Amino acid sequence: MKRKLFFIGVILFVTVNLIFAQGEKIGYVDSQIILTQFPPAIKAQGDLDATTNLWSAQLDSMTLSYQQLLTDYQKQANIMPEDQQLAAQKNIVQLEQKIVDFRRVKFSQQEGEIFRIQDELFSPVKTSIYNAIESVAKEEGMKFIFDKSGDILLLYADSAYDITYKVLDHLKRGK
């Protein structure tokens, strides 16, 4: 693993040196700024938050019902006939399973509905942002654009090459 990271680092270093040697312009954006200031991104995040809050409220309600059902059962279990105890236990287990299923269907990492909705909401936003980045990069004669807030580590960035606000302006103008 270390060898692979070293190899990638060497390739990146050589590539950047070649770019600078050829006098190519490089730019960067801060996608977090764009996502917090671009109105369609703000709306998409608001819609996603509203859905998440709704589902969280439903989950909280189900959890409270479960806790109340369990508390009532624990208080009355000693005086209940055996058949009522079994029915109450069955209801408790069913509600617990319903909570687990709801959480899995709505919020799980692999198959959660929240991730599908997030993709639906942000897909057009991402497309707009990528198109704007490409357009501004071409206007500015830049060959490479890095995302300052992404996975690629940017150790130094001259603010003269920051095109974040130009991209944001381009998005707001609707080009």
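The numbers here are math on the coordinates, done by the rules we state, and not lab data. All values reported here derive from a predicted model rather than from experimental measurement.
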Subject >> Cα convex hull of the range 25-173, projected area averaged across orientations, nm² >> reply: 12.1 nm²
Subject >> Of Lys43/Lys166; Lys126/Lys148; Lys43/Lys138; Lys75/Lys98; Lys43/Lys143, those spanning more than 25 Å from alpha-carbon to alpha-carbon >> reply: Lys43/Lys138; Lys43/Lys143
Subject >> Gain on full stretching of the segment that runs from Gln58 to Gln76 - 0.36 nm per residue minus C-alpha separation >> reply: 3.8 nm
Subject >> Radius of gyration and Dmax over the Cα atoms of the range 94-175, both given in Å >> reply: 19.2, 62
